[in-house]
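**Q** This is the structure, below, for whatever I ask next.
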Amino acid sequence: MIGWLSKSALLLWMLSSLALAEQHQPSVIVVGAGMAGLSAAYELQQKGWQVTVLEAKPRIGGRGGMAGAEWLGTPELQPQLHHYLQQFKLKTQPAPEEARTSAYLIDGKLFSVADLARQQPAVAAAINAYEQQLEALAEQMDDPLQPTATDKLRALDQSSVARWLDTLALPPVARSLIDQRIRSRYDEPSRLSLLYLVQQSRVYQGSPTFLQRSERLPGGSQVLAQAFLKQLRTLKTGARVEAILQSADGVTVKVGNAGYQADYVVLAVPLPAVAKISLTPGLDAQQQVALKDINYGWREQMLLKFSKPFWGQERLSGEIFSNQGLGVIWIEPALKGGANLLVNIAGDNARVMKSFNDRQMADQVLLRLDKYYPGARAAFKGYEMRRLSPDPLIGGAYLAYGPGEISQYWRMWEKPFGRVVFAGEHTDPLYPGTLEGALRSGERAAEQVAALQGGTSR
(Lines give C-alpha, C1' and ligand atoms only; values in the text may rest on other atoms or scores of the structure.)
Protein backbone atom coordinates (compact mmCIF):
# COMPACT_ATOMS: atom_id res chain seq x y z
CA MET A 1 0.00 0.00 0.00
CA ILE A 2 2.78 2.39 1.00
CA GLY A 3 4.69 1.55 -2.21
CA TRP A 4 1.63 2.27 -4.28
CA LEU A 5 1.15 5.60 -2.49
CA SER A 6 4.79 6.53 -3.08
CA LYS A 7 4.49 5.75 -6.77
CA SER A 8 1.27 7.79 -6.97
CA ALA A 9 2.92 10.74 -5.23
CA LEU A 10 5.88 10.55 -7.59
CA LEU A 11 3.57 10.49 -10.58
CA LEU A 12 1.60 13.46 -9.29
CA TRP A 13 4.83 15.41 -8.68
CA MET A 14 6.04 14.67 -12.20
CA LEU A 15 2.74 15.71 -13.73
CA SER A 16 2.62 18.95 -11.71
CA SER A 17 6.23 19.77 -12.63
CA LEU A 18 5.39 19.19 -16.28
CA ALA A 19 2.37 21.47 -15.99
CA LEU A 20 4.44 24.20 -14.37
CA ALA A 21 7.04 23.93 -17.13
CA GLU A 22 4.33 24.27 -19.72
CA GLN A 23 2.89 27.30 -17.92
CA HIS A 24 6.28 29.13 -17.84
CA GLN A 25 6.10 32.17 -20.06
CA PRO A 26 9.43 32.83 -21.73
CA SER A 27 10.76 36.34 -21.17
CA VAL A 28 13.00 38.73 -23.06
CA ILE A 29 14.42 42.20 -22.48
CA VAL A 30 14.81 44.33 -25.58
CA VAL A 31 17.46 47.06 -25.19
CA GLY A 32 16.70 49.97 -27.51
CA ALA A 33 13.37 51.28 -28.80
CA GLY A 34 14.44 52.13 -32.31
CA MET A 35 12.74 50.37 -35.19
CA ALA A 36 14.78 47.20 -34.77
CA GLY A 37 14.00 46.92 -31.06
CA LEU A 38 10.33 47.77 -31.52
CA SER A 39 9.82 45.20 -34.27
CA ALA A 40 11.68 42.49 -32.29
CA ALA A 41 9.58 43.26 -29.20
CA TYR A 42 6.35 43.22 -31.17
CA GLU A 43 7.14 39.90 -32.89
CA LEU A 44 8.10 38.19 -29.63
CA GLN A 45 5.04 39.50 -27.82
CA GLN A 46 2.92 38.14 -30.67
CA LYS A 47 4.55 34.76 -30.03
CA GLY A 48 3.39 34.87 -26.40
CA TRP A 49 6.59 36.13 -24.78
CA GLN A 50 6.82 38.45 -21.79
CA VAL A 51 8.61 41.45 -23.26
CA THR A 52 10.21 44.44 -21.54
CA VAL A 53 11.68 47.21 -23.70
CA LEU A 54 14.32 49.50 -22.15
CA GLU A 55 15.16 52.76 -23.96
CA ALA A 56 17.86 55.14 -22.74
CA LYS A 57 16.37 58.25 -24.34
CA PRO A 58 13.12 59.98 -23.36
CA ARG A 59 11.68 59.22 -26.82
CA ILE A 60 11.27 56.13 -28.97
CA GLY A 61 12.00 55.69 -32.66
CA GLY A 62 15.80 55.68 -32.54
CA ARG A 63 17.55 57.45 -35.39
CA GLY A 64 14.34 58.16 -37.29
CA GLY A 65 14.50 61.53 -38.94
CA MET A 66 12.79 64.81 -38.29
CA ALA A 67 10.96 64.72 -41.59
CA GLY A 68 7.26 65.39 -41.67
CA ALA A 69 6.92 62.41 -44.02
CA GLU A 70 8.90 59.23 -44.59
CA TRP A 71 9.73 58.45 -48.21
CA LEU A 72 8.88 54.85 -49.07
CA GLY A 73 9.92 52.50 -51.82
CA THR A 74 7.60 50.03 -53.49
CA PRO A 75 6.40 46.91 -51.59
CA GLU A 76 8.82 44.86 -53.71
CA LEU A 77 11.75 46.97 -52.46
CA GLN A 78 10.59 47.30 -48.84
CA PRO A 79 8.41 44.27 -48.08
CA GLN A 80 8.98 44.33 -44.32
CA LEU A 81 8.08 48.00 -44.00
CA HIS A 82 4.94 47.61 -46.08
CA HIS A 83 3.98 44.53 -44.04
CA TYR A 84 3.88 46.62 -40.87
CA LEU A 85 2.14 49.54 -42.56
CA GLN A 86 -0.58 47.13 -43.61
CA GLN A 87 -0.62 45.42 -40.21
CA PHE A 88 -1.20 48.72 -38.38
CA LYS A 89 -3.44 50.19 -41.11
CA LEU A 90 -1.18 53.20 -41.66
CA LYS A 91 -2.12 55.26 -44.71
CA THR A 92 0.45 56.40 -47.25
CA GLN A 93 0.30 58.95 -50.06
CA PRO A 94 1.78 58.85 -53.55
CA ALA A 95 5.07 60.72 -53.69
CA PRO A 96 5.05 64.00 -55.64
CA GLU A 97 6.63 63.63 -59.03
CA GLU A 98 9.40 66.13 -58.27
CA ALA A 99 10.52 64.08 -55.27
CA ARG A 100 10.94 60.84 -57.19
CA THR A 101 14.09 61.86 -59.04
CA SER A 102 17.33 63.51 -58.00
CA ALA A 103 18.43 67.04 -58.79
CA TYR A 104 21.60 69.12 -58.44
CA LEU A 105 22.26 72.54 -56.90
CA ILE A 106 25.39 73.90 -58.60
CA ASP A 107 26.65 77.28 -57.40
CA GLY A 108 23.14 78.19 -56.40
CA LYS A 109 21.44 77.12 -59.64
CA LEU A 110 19.08 74.14 -59.58
CA PHE A 111 19.28 71.50 -62.33
CA SER A 112 17.06 68.51 -62.93
CA VAL A 113 18.74 65.51 -64.56
CA ALA A 114 17.32 66.62 -67.91
CA ASP A 115 18.43 70.24 -67.32
CA LEU A 116 21.94 69.07 -66.51
CA ALA A 117 22.16 67.06 -69.73
CA ARG A 118 21.12 70.11 -71.78
CA GLN A 119 22.96 72.90 -69.98
CA GLN A 120 26.05 71.19 -68.55
CA PRO A 121 26.60 68.19 -70.81
CA ALA A 122 30.19 67.58 -69.65
CA VAL A 123 29.06 67.30 -66.01
CA ALA A 124 26.11 65.08 -66.95
CA ALA A 125 28.36 62.83 -69.06
CA ALA A 126 30.85 62.46 -66.21
CA ILE A 127 28.11 61.48 -63.74
CA ASN A 128 26.78 58.94 -66.26
CA ALA A 129 30.29 57.56 -66.72
CA TYR A 130 30.65 57.13 -62.95
CA GLU A 131 27.32 55.30 -62.78
CA GLN A 132 28.30 52.99 -65.65
CA GLN A 133 31.67 52.19 -64.06
CA LEU A 134 29.98 51.41 -60.74
CA GLU A 135 27.42 49.25 -62.53
CA ALA A 136 30.23 47.32 -64.21
CA LEU A 137 31.84 46.59 -60.84
CA ALA A 138 28.47 45.50 -59.41
CA GLU A 139 28.03 43.08 -62.31
CA GLN A 140 31.06 41.16 -60.99
CA MET A 141 29.13 40.28 -57.81
CA ASP A 142 26.76 37.35 -58.32
CA ASP A 143 25.31 37.46 -54.81
CA PRO A 144 25.27 40.59 -52.59
CA LEU A 145 25.12 38.28 -49.56
CA GLN A 146 28.57 37.01 -50.54
CA PRO A 147 30.50 40.15 -51.43
CA THR A 148 33.93 38.55 -50.90
CA ALA A 149 33.31 35.47 -53.05
CA THR A 150 36.27 36.12 -55.39
CA ASP A 151 39.80 37.50 -55.14
CA LYS A 152 38.83 40.37 -57.44
CA LEU A 153 35.99 41.39 -55.12
CA ARG A 154 38.14 41.04 -52.01
CA ALA A 155 40.65 43.40 -53.59
CA LEU A 156 37.94 46.06 -53.86
CA ASP A 157 37.61 46.01 -50.08
CA GLN A 158 41.21 47.19 -49.70
CA SER A 159 40.50 50.39 -51.62
CA SER A 160 38.56 53.47 -50.58
CA VAL A 161 35.88 54.90 -52.83
CA ALA A 162 37.89 58.14 -53.07
CA ARG A 163 40.94 56.32 -54.45
CA TRP A 164 38.79 54.66 -57.12
CA LEU A 165 37.12 57.97 -58.03
CA ASP A 166 40.57 59.50 -58.51
CA THR A 167 41.23 56.97 -61.29
CA LEU A 168 38.13 58.15 -63.19
CA ALA A 169 39.57 61.66 -63.64
CA LEU A 170 36.18 63.35 -63.26
CA PRO A 171 35.73 67.11 -63.88
CA PRO A 172 35.77 69.05 -60.57
CA VAL A 173 32.04 69.91 -60.50
CA ALA A 174 31.00 66.34 -61.31
CA ARG A 175 33.40 64.99 -58.71
CA SER A 176 32.04 67.31 -56.01
CA LEU A 177 28.44 66.27 -56.81
CA ILE A 178 29.31 62.56 -56.76
CA ASP A 179 31.22 62.99 -53.50
CA GLN A 180 28.16 64.68 -52.01
CA ARG A 181 25.87 61.92 -53.23
CA ILE A 182 28.06 59.24 -51.64
CA ARG A 183 28.65 61.03 -48.32
CA SER A 184 24.91 61.81 -47.97
CA ARG A 185 23.97 58.13 -48.31
CA TYR A 186 26.96 56.49 -46.58
CA ASP A 187 29.98 58.53 -45.48
CA GLU A 188 32.95 60.43 -46.84
CA PRO A 189 34.34 58.60 -49.93
CA SER A 190 37.81 58.53 -48.34
CA ARG A 191 36.41 56.58 -45.35
CA LEU A 192 34.27 54.14 -47.35
CA SER A 193 35.18 50.69 -48.68
CA LEU A 194 34.82 50.46 -52.45
CA LEU A 195 33.47 46.93 -51.97
CA TYR A 196 30.71 48.27 -49.74
CA LEU A 197 29.64 50.82 -52.35
CA VAL A 198 29.67 48.07 -55.01
CA GLN A 199 27.70 45.67 -52.78
CA GLN A 200 25.02 48.27 -52.12
CA SER A 201 24.87 49.11 -55.82
CA ARG A 202 24.32 45.39 -56.49
CA VAL A 203 21.49 45.25 -53.91
CA TYR A 204 19.62 48.10 -55.63
CA GLN A 205 20.50 47.05 -59.18
CA GLY A 206 17.47 47.53 -61.40
CA SER A 207 15.69 49.71 -58.82
CA PRO A 208 15.69 53.29 -60.10
CA THR A 209 15.20 56.22 -57.77
CA PHE A 210 11.53 56.69 -58.60
CA LEU A 211 10.82 53.17 -57.27
CA GLN A 212 12.74 53.96 -54.09
CA ARG A 213 10.54 57.01 -53.44
CA SER A 214 7.15 55.97 -54.75
CA GLU A 215 5.12 56.85 -51.63
CA ARG A 216 5.33 58.90 -48.46
CA LEU A 217 4.16 58.22 -44.92
CA PRO A 218 2.68 61.42 -43.41
CA GLY A 219 4.14 62.07 -39.98
CA GLY A 220 7.33 60.19 -40.76
CA SER A 221 8.79 57.13 -39.10
CA GLN A 222 7.49 58.27 -35.70
CA VAL A 223 4.01 57.27 -36.84
CA LEU A 224 5.20 53.69 -37.24
CA ALA A 225 7.07 53.85 -33.91
CA GLN A 226 3.89 54.96 -32.14
CA ALA A 227 1.93 52.16 -33.82
CA PHE A 228 4.37 49.63 -32.36
CA LEU A 229 4.17 51.33 -28.95
CA LYS A 230 0.40 50.93 -28.81
CA GLN A 231 0.86 47.16 -29.12
CA LEU A 232 3.55 46.74 -26.46
CA ARG A 233 2.74 46.15 -22.81
CA THR A 234 5.98 47.19 -21.08
CA LEU A 235 8.31 49.91 -22.36
CA LYS A 236 10.47 52.13 -20.13
CA THR A 237 12.16 55.29 -21.41
CA GLY A 238 15.06 57.00 -19.64
CA ALA A 239 16.38 53.52 -18.81
CA ARG A 240 20.05 53.47 -19.81
CA VAL A 241 21.45 49.94 -19.69
CA GLU A 242 24.90 49.75 -18.10
CA ALA A 243 25.54 46.02 -17.90
CA ILE A 244 24.22 42.66 -19.12
CA LEU A 245 25.15 39.56 -17.12
CA GLN A 246 24.49 36.09 -18.49
CA SER A 247 24.15 32.91 -16.47
CA ALA A 248 23.14 29.36 -17.27
CA ASP A 249 19.55 30.18 -16.30
CA GLY A 250 19.00 33.63 -17.78
CA VAL A 251 20.18 37.23 -17.97
CA THR A 252 20.29 40.22 -15.64
CA VAL A 253 20.17 43.69 -17.17
CA LYS A 254 21.45 46.54 -14.96
CA VAL A 255 19.90 50.01 -15.16
CA GLY A 256 21.36 52.17 -12.39
CA ASN A 257 20.58 50.40 -9.13
CA ALA A 258 17.80 48.33 -10.71
CA GLY A 259 18.18 44.88 -12.18
CA TYR A 260 15.83 43.34 -14.74
CA GLN A 261 15.72 39.55 -15.17
CA ALA A 262 14.73 37.57 -18.23
CA ASP A 263 15.54 34.47 -20.21
CA TYR A 264 17.09 36.35 -23.15
CA VAL A 265 18.14 39.80 -24.37
CA VAL A 266 17.79 41.48 -27.76
CA LEU A 267 20.48 44.16 -27.96
CA ALA A 268 19.13 46.62 -30.52
CA VAL A 269 21.41 49.64 -30.20
CA PRO A 270 24.14 50.96 -32.54
CA LEU A 271 27.60 49.44 -32.17
CA PRO A 272 29.10 52.58 -30.53
CA ALA A 273 26.40 52.21 -27.85
CA VAL A 274 27.08 48.45 -27.49
CA ALA A 275 30.70 49.36 -26.68
CA LYS A 276 29.51 51.31 -23.61
CA ILE A 277 27.59 48.37 -22.10
CA SER A 278 29.49 45.97 -19.84
CA LEU A 279 28.88 42.39 -21.02
CA THR A 280 29.57 39.38 -18.81
CA PRO A 281 30.93 37.15 -20.25
CA GLY A 282 32.72 39.61 -22.51
CA LEU A 283 32.79 39.63 -26.30
CA ASP A 284 35.60 37.78 -28.03
CA ALA A 285 38.74 39.61 -29.14
CA GLN A 286 37.62 40.12 -32.75
CA GLN A 287 34.25 41.52 -31.68
CA GLN A 288 35.93 43.94 -29.30
CA VAL A 289 38.20 45.18 -32.08
CA ALA A 290 35.19 45.46 -34.41
CA LEU A 291 33.38 47.72 -31.93
CA LYS A 292 36.25 50.20 -32.22
CA ASP A 293 36.94 49.74 -35.93
CA ILE A 294 33.67 49.50 -37.84
CA ASN A 295 33.00 52.83 -39.47
CA TYR A 296 29.80 54.79 -38.98
CA GLY A 297 28.79 57.68 -41.18
CA TRP A 298 28.54 61.17 -39.74
CA ARG A 299 25.33 63.08 -40.25
CA GLU A 300 23.63 66.17 -38.83
CA GLN A 301 20.01 66.94 -39.61
CA MET A 302 18.34 70.29 -39.22
CA LEU A 303 14.85 71.58 -39.84
CA LEU A 304 14.98 75.26 -40.75
CA LYS A 305 11.75 77.22 -40.36
CA PHE A 306 10.86 80.22 -42.50
CA SER A 307 7.97 82.66 -42.64
CA LYS A 308 7.61 82.09 -46.41
CA PRO A 309 9.13 79.93 -49.16
CA PHE A 310 12.12 82.11 -50.07
CA TRP A 311 13.01 79.77 -52.96
CA GLY A 312 9.98 80.90 -54.98
CA GLN A 313 8.75 78.33 -57.47
CA GLU A 314 11.98 76.34 -57.59
CA ARG A 315 11.88 72.69 -56.70
CA LEU A 316 13.80 72.23 -53.45
CA SER A 317 12.39 68.83 -52.75
CA GLY A 318 13.58 65.38 -53.51
CA GLU A 319 17.17 64.26 -53.37
CA ILE A 320 19.12 67.42 -54.14
CA PHE A 321 22.92 67.35 -54.07
CA SER A 322 24.94 70.54 -53.80
CA ASN A 323 28.56 71.27 -54.74
CA GLN A 324 28.78 73.81 -51.89
CA GLY A 325 28.76 71.56 -48.82
CA LEU A 326 25.00 71.51 -48.32
CA GLY A 327 23.62 68.02 -48.01
CA VAL A 328 20.35 66.61 -49.20
CA ILE A 329 17.62 69.28 -49.22
CA TRP A 330 13.89 68.72 -48.87
CA ILE A 331 10.88 70.96 -48.52
CA GLU A 332 8.86 69.91 -45.48
CA PRO A 333 5.18 70.77 -44.91
CA ALA A 334 4.74 73.55 -42.38
CA LEU A 335 1.92 72.63 -40.04
CA LYS A 336 1.27 76.18 -38.81
CA GLY A 337 1.96 78.31 -41.85
CA GLY A 338 5.28 79.40 -43.29
CA ALA A 339 7.71 76.99 -44.90
CA ASN A 340 10.19 74.42 -43.63
CA LEU A 341 13.42 73.17 -45.16
CA LEU A 342 15.08 69.91 -44.11
CA VAL A 343 18.85 69.83 -44.62
CA ASN A 344 21.19 66.87 -44.04
CA ILE A 345 24.89 67.65 -43.66
CA ALA A 346 27.03 64.53 -43.89
CA GLY A 347 30.56 63.17 -43.97
CA ASP A 348 33.49 65.48 -43.30
CA ASN A 349 31.26 68.51 -43.93
CA ALA A 350 29.50 67.50 -40.72
CA ARG A 351 32.65 66.46 -38.86
CA VAL A 352 34.22 69.91 -39.23
CA MET A 353 31.19 71.34 -37.45
CA LYS A 354 31.34 68.98 -34.47
CA SER A 355 32.57 71.78 -32.19
CA PHE A 356 29.80 74.16 -33.36
CA ASN A 357 26.72 74.61 -31.23
CA ASP A 358 23.31 74.14 -32.83
CA ARG A 359 22.80 77.83 -33.64
CA GLN A 360 26.24 78.12 -35.22
CA MET A 361 25.47 75.14 -37.46
CA ALA A 362 22.16 76.65 -38.53
CA ASP A 363 23.96 79.94 -39.29
CA GLN A 364 26.47 78.17 -41.55
CA VAL A 365 23.64 76.75 -43.65
CA LEU A 366 21.79 80.07 -43.67
CA LEU A 367 24.90 81.84 -45.00
CA ARG A 368 24.97 79.52 -48.01
CA LEU A 369 21.24 79.68 -48.62
CA ASP A 370 21.13 83.47 -48.41
CA LYS A 371 23.98 83.73 -50.89
CA TYR A 372 22.04 81.80 -53.50
CA TYR A 373 18.54 82.86 -52.46
CA PRO A 374 18.61 86.44 -51.11
CA GLY A 375 15.91 86.78 -48.50
CA ALA A 376 16.49 83.42 -46.81
CA ARG A 377 17.95 84.98 -43.67
CA ALA A 378 15.20 87.62 -43.48
CA ALA A 379 12.52 84.89 -43.65
CA PHE A 380 14.24 82.67 -41.05
CA LYS A 381 12.16 81.95 -37.93
CA GLY A 382 13.94 79.15 -36.07
CA TYR A 383 15.28 75.61 -36.26
CA GLU A 384 15.27 72.11 -34.82
CA MET A 385 18.40 70.00 -34.76
CA ARG A 386 19.19 66.30 -34.56
CA ARG A 387 22.88 65.49 -34.20
CA LEU A 388 23.39 61.75 -34.38
CA SER A 389 27.15 61.37 -34.36
CA PRO A 390 28.11 63.46 -31.28
CA ASP A 391 25.27 61.88 -29.26
CA PRO A 392 26.92 59.61 -26.65
CA LEU A 393 23.90 57.26 -26.74
CA ILE A 394 24.18 56.82 -30.54
CA GLY A 395 27.74 57.64 -31.62
CA GLY A 396 27.17 57.70 -35.36
CA ALA A 397 24.59 57.92 -38.11
CA TYR A 398 24.56 54.53 -39.85
CA LEU A 399 26.92 51.67 -40.62
CA ALA A 400 29.33 52.49 -43.46
CA TYR A 401 32.07 49.86 -43.81
CA GLY A 402 35.53 51.36 -44.22
CA PRO A 403 38.35 49.87 -46.34
CA GLY A 404 39.17 46.30 -45.29
CA GLU A 405 36.23 45.99 -42.88
CA ILE A 406 33.92 43.74 -44.91
CA SER A 407 36.71 41.16 -45.22
CA GLN A 408 37.07 41.11 -41.43
CA TYR A 409 33.61 41.73 -40.01
CA TRP A 410 31.00 40.72 -42.58
CA ARG A 411 27.79 39.46 -40.87
CA MET A 412 29.55 39.22 -37.52
CA TRP A 413 26.64 40.62 -35.52
CA GLU A 414 23.98 38.25 -36.83
CA LYS A 415 25.20 35.41 -34.59
CA PRO A 416 23.72 34.98 -31.07
CA PHE A 417 26.10 35.67 -28.20
CA GLY A 418 24.92 33.14 -25.66
CA ARG A 419 21.55 34.45 -24.49
CA VAL A 420 22.09 37.81 -26.22
CA VAL A 421 20.91 38.41 -29.80
CA PHE A 422 21.90 41.53 -31.74
CA ALA A 423 19.56 43.64 -33.87
CA GLY A 424 19.76 46.98 -35.66
CA GLU A 425 20.36 48.27 -39.17
CA HIS A 426 24.05 47.35 -38.79
CA THR A 427 23.13 43.66 -38.57
CA ASP A 428 21.22 43.51 -41.86
CA PRO A 429 23.47 42.52 -44.77
CA LEU A 430 21.30 43.89 -47.56
CA TYR A 431 19.77 47.14 -46.29
CA PRO A 432 22.00 48.64 -43.58
CA GLY A 433 21.32 52.26 -42.80
CA THR A 434 17.64 51.99 -43.74
CA LEU A 435 14.27 51.59 -42.08
CA GLU A 436 13.77 48.34 -44.00
CA GLY A 437 17.06 46.98 -42.69
CA ALA A 438 16.18 47.83 -39.09
CA LEU A 439 12.77 46.15 -39.34
CA ARG A 440 14.24 43.06 -41.03
CA SER A 441 16.82 42.74 -38.29
CA GLY A 442 14.16 42.97 -35.58
CA GLU A 443 12.17 40.14 -37.09
CA ARG A 444 15.33 38.04 -37.56
CA ALA A 445 16.33 38.64 -33.91
CA ALA A 446 12.87 37.57 -32.71
CA GLU A 447 13.14 34.34 -34.69
CA GLN A 448 16.62 33.69 -33.28
CA VAL A 449 15.46 34.18 -29.69
CA ALA A 450 12.52 31.82 -30.23
CA ALA A 451 14.88 29.24 -31.76
CA LEU A 452 17.27 29.50 -28.79
CA GLN A 453 14.39 28.98 -26.39
CA GLY A 454 13.33 25.97 -28.41
CA GLY A 455 16.80 24.48 -28.14
CA THR A 456 18.04 25.33 -31.61
CA SER A 457 19.94 28.25 -33.11
CA ARG A 458 19.72 30.15 -36.41
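The values are calculated or read from the model by the stated rules, or taken from the named source; none is laboratory data. Computed from a prediction, not measured in an experiment: that's the story for all the values here. All Cβ positions, glycine included, derive from the backbone under ideal geometry; neighbour counts span all protein chains shown.
**Q** Considering only residues of the stretch 40-53 that are part of a strand (DSSP E or B) and buried (at least 24 other Cβ atoms within 10 Å of the Cβ), which is farthest from the chain's Cα centre (by Cα)?
**A** The initial filter retains those residues of the stretch 40-53 that are part of a strand (DSSP E or B), namely 50-53.
Within this subset, residues satisfying the condition of being buried (at least 24 other Cβ atoms within 10 Å of the Cβ) are 51, 53.
Details: VAL51: 23, VAL53: 19 Å.
For the stretch 40-53, the residue satisfying everything is VAL51.
**Q** Taking LEU170 as the residue in question, decide whether it is in contact with a helix residue (DSSP H, G or I) (Cβ under 8 Å, 6 or more places away or on another chain), touching a residue at least 40 places away in the same chain (Cβ under 8 Å), surrounded by 14 or more Cβ atoms within 10 Å (Cβ to Cβ) and among the hydrophobic types (A, V, I, L, M, F, W, C).
**A** Numbers: in contact with a helix residue (DSSP H, G or I) (Cβ under 8 Å, 6 or more places away or on another chain): yes; touching a residue at least 40 places away in the same chain (Cβ under 8 Å): yes; surrounded by 14 or more Cβ atoms within 10 Å (Cβ to Cβ): yes; among the hydrophobic types (A, V, I, L, M, F, W, C): yes.
Judged against the criteria, LEU170 is a match.
**Q** Might you let me know whether the stretch 178-194 holds any residue that is among the aromatic types (Phe, Trp, Tyr), touching a residue at least 12 places away in the same chain (Cβ under 8 Å), crowded, with 22+ Cβ neighbours inside 10 Å and not in a helix (DSSP H, G or I)?
**A** First pass over the stretch 178-194, keeping only residues among the aromatic types (Phe, Trp, Tyr): 186.
Those left that are additionally touching a residue at least 12 places away in the same chain (Cβ under 8 Å): 186.
Now restrict to residues that are crowded, with 22+ Cβ neighbours inside 10 Å: 186.
Within this subset, residues satisfying the condition of being not in a helix (DSSP H, G or I) are 186.
Yes: one or more hits.
Conditions tested, residue by residue: (1) in contact with a strand residue (DSSP E or B) (Cβ under 8 Å, 6 or more places away or on another chain); (2) assigned by TED's automatic domain parsing to the domain that holds GLN45.
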{"residue": "GLY220", "(1), (2)": "yes, yes"}
{"residue": "LEU245", "(1), (2)": "yes, no"}
{"residue": "ASP249", "(1), (2)": "no, no"}
{"residue": "GLY256", "(1), (2)": "no, no"}
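**Q** So which residues in the stretch 352-363 are assigned to a helix (DSSP H, G or I) and surrounded by fewer than 17 Cβ atoms within 10 Å (Cβ to Cβ), if there are any at all? Please lay out each step first, then the result.
**A** Kept after step one, since they are assigned to a helix (DSSP H, G or I), are these residues of the stretch 352-363: 358-363.
Across the stretch 352-363, the qualifying residues are ASP358, ARG359, GLN360, ASP363.
**Q** Please enumerate the residues belonging to the stretch 131-166 that are among the small types (Gly, Ala, Ser) and in a loop (DSSP other than H, G, I, E, B).
**A** Scanning the stretch 131-166 gives ALA149, SER159.
**Q** Within the stretch 412-432, identify whether any single residue is under 21 Å from LEU224 (Cβ atoms), surrounded by fewer than 21 Cβ atoms within 10 Å (Cβ to Cβ) and either free of Cβ contacts under 8 Å to residues at least 24 places away in the same chain or out of contact with any Ser or Thr (no Cβ under 8 Å at 6 or more places or on another chain) (or both), and answer yes or no.
**A** Step one: list which residues in the stretch 412-432 are under 21 Å from LEU224 (Cβ atoms), which gives 423-428, 430-432.
Adding the requirement that they be surrounded by fewer than 21 Cβ atoms within 10 Å (Cβ to Cβ) leaves 430.
With either free of Cβ contacts under 8 Å to residues at least 24 places away in the same chain or out of contact with any Ser or Thr (no Cβ under 8 Å at 6 or more places or on another chain) (or both) added as a condition, the list becomes 430.
Yes; the residues of the stretch 412-432 include at least one that is under 21 Å from LEU224 (Cβ atoms), surrounded by fewer than 21 Cβ atoms within 10 Å (Cβ to Cβ) and either free of Cβ contacts under 8 Å to residues at least 24 places away in the same chain or out of contact with any Ser or Thr (no Cβ under 8 Å at 6 or more places or on another chain) (or both).
**Q** I'm told LYS91 meets every condition in (1) within 30 Å of PRO429 (Cβ to Cβ); (2) touching a residue at least 24 places away in the same chain (Cβ under 8 Å); (3) in a loop (DSSP other than H, G, I, E, B) except one. Can you identify the failing condition by its number?
**A** (1)
**Q** Please enumerate the residues belonging to the stretch 406-458 that are modelled with pLDDT of 95 or more and among the small types (Gly, Ala, Ser).
**A** SER407, GLY418, ALA423, GLY424, GLY437, ALA438, SER441, GLY442, ALA445, ALA446, ALA450, ALA451
**Q** Looking at the stretch 369-383 only, could you name the residues that are surrounded by 14 or more Cβ atoms within 10 Å (Cβ to Cβ) and either touching a helix residue (DSSP H, G or I) at 6+ places or on another chain (Cβ under 9 Å) or aliphatic (A, V, I, L, M) (or both)?
**A** LEU369, ASP370, ALA376, ARG377, ALA379, PHE380, TYR383
**Q** Among the listed residues LEU145, LEU156, which satisfies the condition of being at pLDDT 95 or above, touching a helix residue (DSSP H, G or I) at 6+ places or on another chain (Cβ under 6 Å) and surrounded by 13 or more Cβ atoms within 10 Å (Cβ to Cβ)?
**A** Details: LEU145 fails: touching a helix residue (DSSP H, G or I) at 6+ places or on another chain (Cβ under 6 Å).
None of the other options fit; the residue is LEU156.
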